[in-house]
Amino acid sequence: MRAARLSVVTAVTAVTALTAVTGCTSKSDAKDGDRVISVTATDAKCVTSKKEISAGHVELAIENKGSKVTEVYILFPDDRIVSERENIGPGTKQRVTAEVKAGDYQIACKPGMKGTGIRQDLKVTGGSVAKRDPRLDKAVAAYREYAQEQADATLPLVATFVKAVKAGDLEAAKAAYAPSRIGWERTEPVAESFGDIDPKVDVRADGLEAGQTWTGWHRLEKALWQDKKITAAEKTLADQLTTDLTDWQKRVGKAEITPTSMANGAKELLDEVATGKVTGEEERYSHTDLVDFKANVEGAQKSYELLKPVAQENDAALVTELDKQFAALNTLLDKYRPNTSSYAFTAYDKVAAADRKELSDAVNALAEPLSKLAAAVAK
């Protein structure tokens, strides 16, 4: 969950410079200078070096010359996300590769990670996209099925949570809160790609846009743990949560998914952990951050496992490192729950600073090689 999004993902306490790669391209394409669009972001401008490019692979070479952390997006006309790069610190550079078909798009820079962004039009003309390995088509199909399964499984858990809220049962609602979020957290990049659903269900107070009404899980979290009461307003919000998540569940099957967006999404999930869960900002009232943490790692690992056969063939050393770091992070997380079949993790406010640092280091050790997965499957 980001603290702020294009429509409304986390205000960061530290910025990590990880390379994101999204899209499908040939090796030769990746070296072509005419496939690169320079994006210079400041606090007030978003300057792009090209306004038109042919279909296929495109690489954004981003430099943040502003004083604020920024985000850069390639957007469909309806604001769905083609590709994105978050948490670009002042004075840093990052690169993002995406696959675009003919049509109209926008490149958006979002200084401060708030608002709808400063936008530049991008026209993509006719062209061809490199043919994809059939194994990657199977991976996409399997991941789409997984994302749908997670959405389908979420609704009954949300129904349990909502039932408790509407009954005014504070303790039952608290018990049902974290389990209701697991499926969402496992597949959050898919949900975020729609643009309009995430701000309704997963925004925190510090991520609200001007004039936006606070709705969703975290608004209810605050009521349960900080306010310690359930009023008529919370009961109405619970019904709205059901409505919004039902909308998400119905739209998952229509999401734009490619092999490299899967890989990039896995990396984004690790970014979510690094900038929200490890810091304790995500679940600041309930302190159930480790449940979300584990779900994010599970979602990232699912994408990786589906893409692994092709990645193994193209970059065996990377796969060896990813296997090692996933195992290390999962082993570390297991220290904070009574058994591996349980999601009853230690409350995060009980996790000492030194232990949080250990968790953060393990996340960073995995995130760095994971940022290379998309390039490995696009070779």
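The values are calculated or read from the model by the stated rules, or taken from the named source; none is laboratory data. Computed from a prediction, not measured in an experiment: that's the story for all the values here. Glycine also receives a Cβ, built like all others from the backbone with ideal geometry; neighbour counts cover every protein chain displayed. For the accessible areas, the whole protein counts, side chains as well, though only heavy atoms, and no ligand, DNA or RNA atoms are used. Shrake-Rupley method; radii C 1.70, N 1.55, O 1.52, S 1.80 Å.
Structural remarks
- Annotation: the antiparallel percentage among DSSP beta bridges lying fully within the chain is about 70.
- Calculated diffusion of region 36-125, Stokes-Einstein form, Kirkwood radius summed over Cα pairs, 4 °C and 1.567 mPa s, µm²/s: 103
- Amide N proximity, region 178-222 versus Thr231 label position 7 Å along Cα-to-Cβ, cut-off under 14 Å: 214, 220, 222
- Portion, in percent, of the accessible area of region 36-125 that falls on carbon or sulfur, probe 1.4 Å: 51
- Mean residue ellipticity at 222 nm, helices only, the chain: -14000 deg cm²/dmol; runs of at least 4 DSSP H residues each add -39,500 (n - 2.57), and the sum is divided by the number of residues.
- For the residue pairs Lys114/Lys302; Lys294/Lys350; Lys114/Lys228; Lys267/Lys302, the C-alpha atoms sit more than 20 angstrom apart in Lys114/Lys302; Lys114/Lys228.
- Estimated translational diffusion coefficient (Stokes-Einstein, Kirkwood radius over Cα pairs, 10 °C, 1.306 mPa s) of the chain: 76 µm² per second.
- Average accessible area per residue (Å²) across region 134-377 - probe 1.4 Å, nucleic acids and ligands excluded: 38
- Paramagnetic label reach from Ala210 (point 7 Å along Cα→Cβ; backbone nitrogen cut-off under 19 Å): within region 109-124, residues 109-119.
- Alpha-carbon centroid distance for the pair region 185-214 / region 256-299, whole angstrom: 14
- Accessible area of region 187-238 belonging to carbon and sulfur atoms, whole % at 1.4 Å probe: 55
- Per-peptide packing, taken as the mean over residues of other Cβ atoms within 10 Å, places 287-299, 71-83, 195-207, 267-279 in the sequence 267-279, 287-299, 195-207, 71-83 from highest down.
- By accessible area, using a 1.4 Å probe on protein heavy atoms only, region 294-379 has 52% of its surface on carbon and sulfur.
- Residue separation of Asp152 and Ala347 scaled by 0.36 nm, minus their Cα-Cα distance, works out to 67.5 nm of gained length.
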